[in-house]
Amino acid sequence: FPQRQIMNPLLHRSLRRHSSRTAPLLAIGVAALSACGVLLATSRGSTNFEALSRGMGSISSSQRSALATTIPNAGFVQRRQSPSSRSRCNKMEAAKRAVTSVFAQAPQHDLLLRAARGEKTERTPVWLFRQAGRHLPEYNQYKKDNNKNFLQLLDDPKDVAEVTMQPLRRYDVDAAILFSDILVVPEALDINVDMPGGKGILVTNPIQGPEDVAKIDVSSPRKLVEDRLAHVLAALPEIKNSLKKENRDIPLIGFSAAPFTLMFYMVGGNTRFNQTMGEQWFQQYPEACDELLGKLSDVIVEYMSLQVEKGADLLQLFEAMGSYISEPNFKKFEMKHLTNIASRLKEKHPDIPLMVFARGAQYANSDLQPNFKK
């Protein structure tokens with residue numbers, strides 16, 4: 001958008017009068033006008049910028065955050081400081097670049113996002129839980145060529161990006177999903193996970209009792225995620241760059257396993273043996289179970305929140321082991337933690353759709369929906 005648009009005196013005065021109550025901007029096509037409002041609101045102070053950004057219903061919370069941090073950093077000052085005309089122009093140019101960069105993050109093919117927001121769509125969006133992985137010949141060949149197994153691929157953001165992109169080249173799906181594993185969170189808590197093949201997922205140092213739960217330190221969950229799951233987070237920008245390079249402008253789904261699913265494996269559960277381990281813990285150590293689920297919830301919230309900050313367009317909470325918890329225990333223990341996670345994530349990222357899938361626990365859907373609904 002030309003400099004003269006921003007400096008137009010009539011538009012300048014009009015936006016000054018109305019920027020604090022700007023109506024929701026429903027199309028990115030009006031980005032130029034939005035930028036003018038943002039620039040002027042910022043020059044008048046952060047309060048007006050926040051008011052304006054709340055009205056911009058078409059941009060995500062991550063985009064708002066980027067605007068809120070990037071544009072002030074472009075060097076705006078209060079009007080009473082009267083910077084020179086040349087300096088002001090330079091700062092406006094920097095802010096224009098910031099706005100352009102932020103708005104460019106929104107995927108153009110947003111069918112899944114619109115459906116997740118409850119909007120009427122021209123068709124049902126399609127994506128697959130295991131879009132990437134061993135059903136693809138190219139995936140198996142990639143592992144062979146790089147001499148890596150599944151867990152080793154997860155350690156390299158470039159490998160994660162490549163594997164995430166593979167199904168998109170084969171299937172015309174409406175979203176990419178982060179190639180990862182549900183047990184990266186326990187691994188960050190020093191739980192050893194092994195996949196020997198033919199035996200399911202094995203945890204070699206399961207939690208033995210309440211005393212082990214008490215030792216789990218999640219006092220700084222965000223720092224824990226940033227330190228121990230940095231390789232996962234680094235993969236999201238890599239995927240976004242790959243989507244851009246290949247002109248596949250679709251949303252990126254971030255995800256985490258739900259608390260009970262993580263607990264099931266952490267206490268020694270396995271889908272081929274020890275299938276009742278989670279239920280045994282609920283019976284023997286109810287207080288420790290609640291404590292463990294709460295600690296895992298704290299980590300999950302920060303893990304998923306950081307995924308949004310790194311580029312995820314929507315999130316899914318996956319209760320993969322919902323078949324291994326009884327309905328009474330799901331309602332007594334797990335439901336409140338899922339509700340807590342949903343509430344905290346929506347507070348942090350109100351514009352990011354949040355999905356939940358409790359596999360084998362369909363009875364919970366009616367109770368979950370009000371908490372996860374946009």
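The values are calculated or read from the model by the stated rules, or taken from the named source; none is laboratory data. Worth saying up front: this structure is predicted, and the values here are computed from it rather than measured. Virtual Cβ from ideal backbone geometry, glycine too; neighbours counted across all protein chains shown. In case anyone asks, the SASA skips ligands and DNA or RNA and just uses the protein heavy atoms, side chains included. Shrake-Rupley method; radii C 1.70, N 1.55, O 1.52, S 1.80 Å.
Quick rundown of the values:
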item: Filtered residue count, segment 181-191, keeping only those that are open to solvent by 60 Å² or more (accessible area, probe 1.4 Å) and in a helix (DSSP H, G or I); result: 1
item: Residues of segment 192-226 satisfying the condition of being over 19 Å from the mean Cα position of the chain (by Cα), closer than 13 Å to residue 296 by Cα and open to solvent by less than 30 Å² (accessible area, probe 1.4 Å); result: 213, 216, 218
item: Condition broken by residue 338, with the remaining ones in (1) part of a helix (DSSP H, G or I); (2) within 30 Å of residue 249 (Cβ to Cβ); (3) touching a strand residue (DSSP E or B) at 6+ places or on another chain (Cβ under 9 Å) satisfied; result: (2)
item: Among (1) in a helix (DSSP H, G or I); (2) over 28 Å from residue 109 (Cα atoms), the one test that residue 269 misses; result: (1)
item: Filter result for residue 290 (under 25 Å from residue 216 (Cα atoms), touching a residue at least 12 places away in the same chain (Cβ under 8 Å), open to solvent by 10 Å² or more (accessible area, probe 1.4 Å) and acidic (Asp, Glu)); result: yes
item: Members of segment 238-287 found to be out of contact with any Ser or Thr (no Cβ under 9 Å at 6 or more places or on another chain), open to solvent by less than 40 Å² (accessible area, probe 1.4 Å) and β-branched (Val, Ile, Thr), listed by number; result: 250, 253, 261, 267
item: Qualifying residue in segment 320-333 (condition: more than 22 Å from residue 361 (Cα to Cα), open to solvent by less than 10 Å² (accessible area, probe 1.4 Å) and aromatic (Phe, Trp, Tyr)); result: no
item: Count of segment 341-367 residues which are under 23 Å from the mean Cα position of the chain (by Cα), of a type in the set (A, V, I, L, M, F, W, C) and assigned to a loop (DSSP other than H, G, I, E, B); result: 1
